[in-house]
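These notes are about the structure you will find just below.
The values are calculated or read from the model by the stated rules, or taken from the named source; none is laboratory data. All of these numbers come straight from a predicted model, not from anything done at the bench. Heads up, the Cβs are rebuilt from the backbone with ideal geometry, glycines too, and the neighbour counts pull from every protein chain shown.
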Amino acid sequence: MNENPKREQDKPESTPQQPPEHRPYSRKARVLAWIGVAFMVFLVIMYTYSLASGKIMEI
């Protein structure tokens, strides 16, 4: 026989668990994130242009 049968009395009382409250990021954090994204896009464009034009190879 099964040693650990599932019984209804083993379950805790049915208390609805509240999901964690959603708290959006602050305005400062969002601004810093967008500054980081813009900086990374700038770096990609700068290095792409430098490599494509060959200017990065000049000393």
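The figures follow:
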| read-out | value |
| --- | --- |
| Number of positions in segment 1-45 that are part of a helix (DSSP H, G or I) and modelled with pLDDT of 95 or more | 19 |
| Within segment 46-59, considering residues that are among the β-branched types (Val, Ile, Thr) and modelled with pLDDT under 90, the one surrounded by the most Cβ atoms within 10 Å (Cβ to Cβ) | ILE56 |
